[in-house]
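Derivation of every value follows stated rules applied to the coordinates shown; laboratory data play no part. Everything numeric in this text was worked out from a predicted model, so none of it was measured. FYI the Cβ positions are ideal-geometry reconstructions off the backbone, even for glycines, and counts take in every protein chain you see.
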């Protein structure tokens with residue numbers, strides 16, 4: 001890892017990483033295979049999140065005597081996975097940060113979600129609006145689930 005980090009730092013410093021030749025399309029070698037695992041450099045911009053809110057949201061649920069379960073489908077990681085799932089749940093902003101912008105987030109602005117429901121809340125097709133946990137639950141109820 002240290003050698004890889006040094007190589008990246010050298011490549012960035014020298015500008016070599018900006019001139020890496022395109023790789024041949026290796027996905028055509030076999031019908032269902034592709035070469036993966038090359039080191040790539042990625043620059044990203046992301047929205048700030050306060051990691052303490054996650055902990056506080058979970059603590060609030062536990063203080064109320066509630067299990068850490070998905071607010072959409074009621075999946076409970078601890079019930080399913082035992083001690084491995086104890087204390088695990090994903091936290092979702094009901095109003096997306098890209099809409100809210102820099103603002104104060106309250107615990108009531110957050111929802112406990114399992115990984116599947118979290119992904120489905122974020123999944124949208126062109127022209128669709130943001131899907132809240134309540135909207136997803138309604139969609140699931142309409143499907144009889």
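Side notes on the structure shown:
- Matching label, Cα Rg over 2.2 N^0.38 Å computed from the structure shown, candidates [x] 1.45; [y] 0.98; [z] 1.17: [x]
- Peptides 69-76, 99-106 ordered by average Cβ neighbours within 10 Å, highest first: 69-76, 99-106
- Cβ crowding within 10 Å averaged over residues, with 112-121, 5-14 ranked highest first: 112-121, 5-14
- Average Cα contact separation per residue, the chain, under 8 Å, 6 or more apart, as relative contact order %: 17 percent
- The packing ranking of peptides 123-132, 54-63, 136-145, highest mean first, is 54-63, 136-145, 123-132, where packing means the average number of other beta carbon atoms within 10 angstrom of each residue.
- Calculated [θ] (222 nm, deg cm²/dmol) that DSSP helices of n ≥ 4 give over the chain, each run adding -39,500 (n - 2.57): -10000 deg cm²/dmol
- Our summary gives segment 50-114 a relative contact order of 35 percent, counting only alpha carbon pairs under 8 angstrom and 6 or more residues apart.
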